[in-house]
Structure formats: structure tokens, C-alpha cells
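The values are calculated or read from the model by the stated rules, or taken from the named source; none is laboratory data. Please read all numbers here as calculations on a predicted model, not as lab measurements. Counting neighbours? That spans all protein chains shown, and the Cβs are built from the backbone with ideal geometry, glycine included. Please note that ligands, DNA and RNA were not included when accessible areas were found on the heavy atoms of the full protein model with its side chains. Shrake-Rupley method; radii C 1.70, N 1.55, O 1.52, S 1.80 Å.
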Amino acid sequence: MQEDLMIELKHSTVENLQLYSELLGKDVNRMLEEALELYFEAQQKRLQEKNLENENMMTDLDYDEFWDGVDL
């Protein structure tokens, strides 16, 4: 299922897209796809690092703190 999206770009962004399309000999749609792929990869990496930080926050007790109050 495909949804129609309404995408609005600043005039300067459109001009840059057209300029780089001519300079690089690439289709504007392909350039947008490449840019979005890089953006998604960067955001995924950032979210993974954030999740790792959150996991580390839950496990940063030292030995004595972890076992404090536990009777064996």
C-alpha cells in the first residue's frame, strides 16, 4: 500500500537539488533517496547508542551495591 505524501522544501533546497543534480549527473529522486538512507542510518545508530546507554545505566552497580542486603 502506498500513501501520497505532501513534501514541502525551501526554495534554496530545491535550487541546491537542481544544481547538484546537474553537477553530479544524478536524478533528483536518486539524490533524495541516498540522503534519506544516510539520515536513517545515522538515526538508527544514534538510537542504538542511546539504548545501550540506557541499558548501561541499569547495570552500573558495583559488586557491593548489587549484593547489598542480600542474605545467602
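Brief remarks follow.
- Selected residue (only one of Leu23, Leu47, Leu5 is modelled with pLDDT of 85 or more, loosely packed, with under 10 Cβ neighbours inside 10 Å, assigned to a helix (DSSP H, G or I) and not hydroxyl-bearing (Ser, Thr, Tyr)): Leu23
- Looking only at the range 11-20, and only at residues there that are exposed (fewer than 11 other Cβ atoms within 10 Å of the Cβ) and polar (S, T, N, Q), the one that is farthest from Leu36 (Cα to Cα): Ser12
- Subset of the range 28-44 (residues that are over 19 Å from Leu9 (Cα atoms), of a type outside the set (Asp, Glu) and open to solvent by 80 Å² or more (accessible area, probe 1.4 Å)): Gln44
- Inter-residue pairs, beta-carbon under 8 Å, first within 16 Å of Ile7 (Cα to Cα) and in the range 29-50, second assigned to a helix (DSSP H, G or I) and of a type in the set (A, V, I, L, M), 6+ apart: Met31/Leu17; Met31/Leu24; Leu32/Leu17
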